[in-house]
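> Just passing along the structure, written as structure tokens.
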Amino acid sequence: MRKGSKKSWKGVVPMELVLEDITKKYKDKTAVQNVSATLHSGQLIGLIGKNGAGKTTLLKLLSTILKPTSGRILLDGQDIVKNPNVMRSTVGYLPQEVSAYPNLTVLEYLSYIASVKGIKKKDAEKQINSLLADFHLENARGKCMGNCSGGMKQRVGIICALLGDPQIIIIDEPTTGLDPEERIAVRNILSRLSRERIVILSTHIVSDIEAVASRILLLQQGSLVFNGSPEELIAKAKGCVWEYMLPSLQENMKGISSMVQTEKGIHIRQVSRKKPWEQAVPVNSTLEDACLFVMEG
């Protein structure tokens, strides 16, 4: 147990991760700017933003791969920039691209990662077998990593992040290359793990976290433009989502969350503060609509 930590009634050690005005600058670019947030155990945090919004940079800062240009990151009051081992001893991190040794089998690769993490052989075997079952990879344990599909490699990468039972799980675009059934399985596993941990899941696909996230951080051009519950975000777009039919597309249409070609024309779903078309009718907002509403301003 970390110094100063107290067990809750469930026997779980609650954790607090605090970001204080985090900024990361490169020579000609500010990737993350003045981001502040407080995260707790028991949350699955959806980090949402367009490609290039700064999500990967922020995750690398949290996992101590990068150091911030300014600001502090505190884990239970301890500065992880000054003492990175505080975070490294308890984090499981999956980067966007999973690197692997192509000549090793899945089992050999996972055993190697477990040994690097310092997990005892007997414990590693138990964890690997359990996680292979969770991710439907029992029959792939003898397959060479170089012969695995992209989706299989991604699931193996998630298993690597979960080895050692980390209390903070940071996953960057975990559903890349997964089919719909695999995406749901990964979502459900991470949701279950978040009951006693801090789980941060980065994605630009809002549907990946709509059903499981308890907290949303929305990044735009490196700045945090929303920090709150999914319900609070959805409420921001209340009365600003419309549906209507058009015979053909119009020029300079903005805030379109979906368009579907039908026999009667094009079914449009649009985010707009004002009624965008005479025949438009208001509809309930989804999380995707709300994200678009906030990002479009």
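All of the numbers you see were taken from the coordinates with simple rules; none came from a lab. Please read these numbers as outputs of a predicted model, since none were measured by experiment. For neighbour counting, all protein chains shown are included, and Cβ atoms are generated from backbone atoms with ideal geometry for every residue, glycine included.
> Among (1) 128; (2) 148; (3) 164, only one was calculated for this model; which label is it, if the read-out is volume of the Cα convex hull per residue in Å³?
Computing volume of the Cα convex hull per residue in Å³ and matching it to (1) 128; (2) 148; (3) 164 gives (3).
> For C160, what is the net charge nearby, where nearby means another residue's Cβ is under 12 Å from its Cβ and Lys, Arg count +1, Asp, Glu -1?
So the surrounding residues net to +3.
> Continuing with the same structure: Using 0.36 nm per residue of separation minus the Cα-Cα distance, give me the extension gain between T30 and R88 in nm, one decimal.
18.3 nm
> Same structure, new question: Starting from 0.36 nm per residue, how many nanometres of slack lie between Y101 and A133 once their C-alpha separation is accounted for?
That works out to 9.3 nm of additional length.
> Calculated from DSSP H runs of 4 or more alone, at -39500 (n - 2.57) each and per residue, what is the 222 nm mean residue ellipticity of the chain, nearest 500?
Computed mean residue ellipticity for the chain: -8000 deg cm²/dmol.
> Now a separate question. Quick query: amide H of K143 versus all other amide H atoms, modeled in the peptide plane; which residues come in under 5 Å with a sequence gap of 5 or more or a different chain?
Under 5 Å from the amide H of K143: V106, L107.
> Looking at the chain only, what percent of DSSP beta bridges run antiparallel? Nearest 5 please.
65
> Extending each Cα 7 Å along its Cβ direction at E20 and Q250, get the distance between those two points in nm, one decimal.
The answer from the label model is 5.0 nm.
> Below 8 Å between Cα atoms, with a sequence gap of 6+, how large is the relative contact order for the chain in percent?
20
> Another question about this same structure. Which of V106, I119, A140 sits farthest toward the positive end of the charge dipole of segment 93-149, with +1 on the Cβ of Lys and Arg and -1 on the Cβ of Asp and Glu?
Checking the options against the dipole of segment 93-149, the answer is I119.
> Are there trypsin sites (Lys or Arg not before Pro) in segment 265-297 that DSSP puts in a loop and that have at most 16 other Cβ atoms within 10 Å, and which ones?
R273, K274
> So what's the gap between the Cα centers of segment 186-211 and segment 31-58, to the nearest angstrom?
If you average the Cα positions of each part, the centres end up 13 Å apart.
> A further question follows. Taking θ as phi - 60°, what are the ³J(HN,Hα) couplings along segment 189-201 by the Karplus curve (6.51, -1.76, 1.60), each to the nearest whole Hz, with x for Gly and Pro?
Result, rounded to whole Hz: 5, 5, 5, 5, 5, 6, 4, 10, 9, 9, 10, 10, 10.
> Please identify which residues in segment 96-129 have an amide N closer than 13 Å to a label point set 7 Å out from the Cα of K143, following the Cα→Cβ vector.
Under 13 Å, as judged by backbone N against the label point of K143, lie 105-107 of segment 96-129.
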